[in-house]
């Protein structure tokens, strides 16, 4: 069974890019995609994926709020923050229990970026 | 009297950020490694060192906490990228330079976080620095071997070799200069170099001297010198095929480098001369200082390997001298006693002149923990001793060599321990059941102090009291295949004994 991922990002284009990466490079199945924090929580609950990727700046409930809720309910959830926002908020998310982070912009055209993304996801899957 | 505000913040260079958020400067690290200094007291906090404002300090604390918690499961580059301070300004306002901080994780033997090395470097000249680092690293490796060679050979022999090398290199230099001055033909031609006069050509004479220097250097283990001599030989050899001023210039440079290298060895030699092996620590410190001085110009990355190897060598070599050992443990005992307002006379004794300091090195950790515990728990305050009619407090470290084993005995004449009290405390702490305590004899009861978690303190003190020290000591001794014993008489004192299998080379001479 392929690993499953829920992708949450307020940009449809980035969801498409991320989906392609997870399917084509990582061999994942995309269980669902969402565009805001509230959807993220619902989709995690409904799908219980191996991984959920989380944008931070999103309408309704932001990524930080969403991952807080998800981790409260599912302490084992593997949350990967994918965001252009740097600094204290990332520190916050990791302290709250996000497994790791990827910095935007998504440069799937760059070998280094793909390699880093891939190993980050692999690291997360290895963690309990 | 108010403290003067003196932000002693960092310029370019290297410092160690410890897991507790305190900072150890390169010079202090060097002194610690060489056993000639101690960490600053009170500890210097990172936030103060860099003069962080409260908001930055809070962020930094948060980051440190994350690092402590997640350093095993989150990649270091990701953690390091989140460090709240990535850049600092050094210097006065007018010509403030931007200095980049690079954080690198140092792991302990178990893969845990031992510290973070922070390199402060000018961000603009990264490329040149990387090259410089690599060169420095290679040179350092060779230099380290030189120091080992200096230590491994008798000083007279090394001295004779260095004098011989100096003579030969002077001769080679003279030969070369004379040929350069009087050479026939146009500039850049090398014809005359290989034309025999007095049965030998100048080139052959040069080659002979260089070859002797190379061979002798190799024999003594001076690989650096041997390598430079080899390089000179190769350049000389190439002058048979290749002419031209640049080629000649390169050989002139190589000869100069060779002379400089030999001079360097002579200077290092002087550092040791007449002072026995104890001076090794000084030499290594000298090297460490040089490395640290160079570190300011080096980028983050592989500064740790040479530093670590240097620290290790320092330790190894420093342990070669019984005098050094005595001083090291005396310093430790006296420093702890001072902090606690106690007075202790420390003595080292031995039943033989033939001490194998290697034994101390093997159980150094255990010795440190035991001595610490003795000063902290065993030795009474001067007032208590006076009230009990006891004289001077003493700790003795004795080295006893037997046929097949070595004993390191540590004894004090302090308050001693009551087996019944120890056992009761062990039961209180949940380390053993009352029935178990009942079944132990006095020796067994005293042995409870080696269990992890045993402490007589309600709160951990600065020196000891977390209930870990003696457990660590016991583990260290066990890891080396030895045994750790304790005997005590209440009111009279405590003795520890470390028994180690002999690791000498006694069977070699039959």
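Every number here is computed from the coordinates shown, using simple stated rules; none is lab data. Everything numeric in this text was worked out from a predicted model, so none of it was measured. Please note: Cβ atoms are built from the backbone with ideal geometry, for glycine as well, and neighbour counts cover all protein chains shown.
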*asked:* To make sure I understand, if each residue's beta carbon is the centre and we count other beta carbons within 10 Å, what order do A:50, B:73, B:364 fall in, fewest to most?
replied: B:73, B:364, A:50
_Mean residue ellipticity (222 nm) of chain A, computed from DSSP H runs ≥ 4 via -39,500 (n - 2.57), nearest 500_ = -13500 deg cm²/dmol
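Could you list A:44, B:399 so that the one with the fewest beta carbons within 10 Å of its beta carbon is first and the one with the most is last?
B:399, A:44
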*Distance in nm between pseudo-label sites at residue B:349 and residue B:424 (7 Å out along the Cβ direction from Cα)*: 3.4
*Compute the relative contact order of region A:29-70 as a whole-number percentage, counting only Cα pairs closer than 8 Å that sit 6 or more residues apart in sequence.*
46
*Could you put B:157, B:455 in order, starting from the residue whose Cβ has the fewest other Cβ atoms within 10 Å?*
B:157, B:455
*State whether region B:394-438 is rounded, prolate or oblate according to the following rule on the C-alpha gyration tensor (a ≥ b ≥ c being the square roots of its eigenvalues): a/c under 1.5 gives rounded; otherwise a/b larger than b/c gives prolate, and the remaining case gives oblate.*
oblate
*Go ahead and set up a Gaussian network model of chain A, Cα springs under 10 Å, then flag whichever of A:117, A:13, A:21 fluctuates most.*
A:13
*Calculated FRET value between residue B:81 and residue B:433, using beta carbons and R₀ = 51 Å, to 0.05*: 0.50
_Shape verdict for region B:369-458, please, from the Cα gyration tensor: rounded (a/c under 1.5), prolate (a/b greater than b/c) or oblate._
oblate
*Using all Cα-Cα distances in region B:377-418, what percent lands in each 5 angstrom bin from 0 up to the longest?*
6, 20, 22, 17, 11, 10, 7, 4, 2
_Computed over chain A, Cα set: Rg, Dmax in Å_ = 13.0, 37
